[in-house]
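Please read the structure below before turning to the comments.
Throughout, read-outs are computed from the coordinates displayed, never taken from laboratory work. Since we're looking at a predicted model, the values are computed, not measured. Note that we place each Cβ from the backbone using ideal geometry, even for glycine, and neighbour counts take in every protein chain shown.
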Amino acid sequence: MTQRIAFIGGGNMACAIIGGLIKQGFSPNQLDVVEPLAETREALTSRFGLQPHAQAGDFLKASDMVIWAVKPQIFKPVALAAAPYTAQALHLSVAAGIPSDSMAKWLGTDRIVRAMPNTPALIGKGISGLFARAGVTSADKDWVGQVMASTGEILWLDQEELLNAVIAVSGSGPAYMFYLMEAMTTGGTELGLTREQAHQLTVATFIGAGELAKASSEPPKVLRQQVTSKGGTTFAAIASMEDDDMQALLINAMYAARQRAAELAAEFGAA
C-alpha cells in the first residue's frame, strides 16, 4: 500500500480510522493530520507515532485521499483553506450535516463521499452509512469501503438525503442505547442490586441481545415475543412499556434527530 491519506481534524473519529488503517498495514509515514490543537497533536504523536501539522500546507498535495473529521460549524473555513492543496484527492467526509453540494463547491471537486459512522467505530464495532457523488469511481468506492470497514460495517446508500435517517438510527443510536442502559442500571439499584451488579447485568444483556439479533434470521419483534410468555414477568414489563407508548416516544426522538441534521445542513452547509 503506497497511498497517502490526510486527515483534517484529529479527534475521536479520526483516531478510530487511523487505528484501523494502521491495523490494515498502513505506516504512520503514509498518514498526515491537520490538527490546530497542540494537545491533540501531541496525543496523536504519542499514540500513533504521527507528526501532525497545525495547518494545511503543500504536504497535502501528495494526498490520495483526504478524510474530513471536523465539526460542521468549522467545515467551510477549513475546507477553503485546504482546497488549494487537495484538488487531486478523493475526499471522504465523516462530518454530520454538511451536504456534498457544499463540499464540492468549497473543495472544487466532485470526488466526494459522505460517511455517517457511529461511536462504536472507536473499537472497530461501528456501522457507517455511505453516499458517493457522481464523480466518484467504482475504484474510489472500493477504497472508501476498505477504509471505513476498518471501523466496522458499511452500508452504501443511493440517496444523500437518507444519511439524515442514518444519523437518526445508527449515528445517534448508541446514545439511545446508553440512555436505556442508564435507566436499567438505576432501576436495578432501586430493586436492591449494587450499581456494579446492575451495570454488569445491563451491559451483558445489551451485548447478548445484540449478538442474538445479529445471529438470528428472525426480526426483533419475533425475538421479543419469544422472551415474552403471556402472564409472565417480561409480559408485565412489556405491557407497562406499551401503556406508556415507548415505541412512539423513541420514534419521535429519531424524527427529532433527523430534523436537527437537516438544520445543521441549512446552518453550516450554505455554499
*asked:* With angles folded into 0 to 90 degrees, how steeply does helix 72-82 sit against the dominant principal axis of the chain? Use alpha carbons for both and round to 10.
replied: 20
_Please give me the summed charge of the neighbours of Trp143: other residues whose Cβ is under 12 Å from its Cβ, Lys and Arg +1, Asp and Glu -1._
-1
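For the chain, compute the number of Lys pairs whose alpha carbons are separated by less than 16 Å, excluding pairs fewer than 8 positions apart on the same chain.
Numbers: Lys23/Lys125; Lys76/Lys105; Lys125/Lys214; Lys221/Lys230.
Within the chain, the lysine pair count is 4.
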*Taking the chain as the reference, fit the longest principal axis to its C-alpha atoms, fit the long axis of helix 12-24 to the helix C-alpha atoms, and give the angle between the two in degrees, 0 to 90, nearest 10.*
80
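Could you tell me the relative contact order of the chain? Use alpha-carbon pairs under 8 Å, at least six residues apart, and round to a whole percent. If you can, show how the numbers build up before the last one.
Values: 396 pairs, mean separation 44.3, N = 271.
RCO, the chain: 16 percent.
What is the sum of charges around Leu44, taking Lys and Arg as +1, Asp and Glu as -1, for the other residues whose C-beta is under 12 Å from the C-beta of Leu44?
On the way: positive: Arg41, Arg47; negative: Asp32, Glu35, Glu39, Glu42.
So the environment of Leu44 carries a net charge of -2.
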*asked:* Compute the distance from the alpha-carbon center of the stretch 205-271 to that of the stretch 106-158, in whole Å.
replied: 25
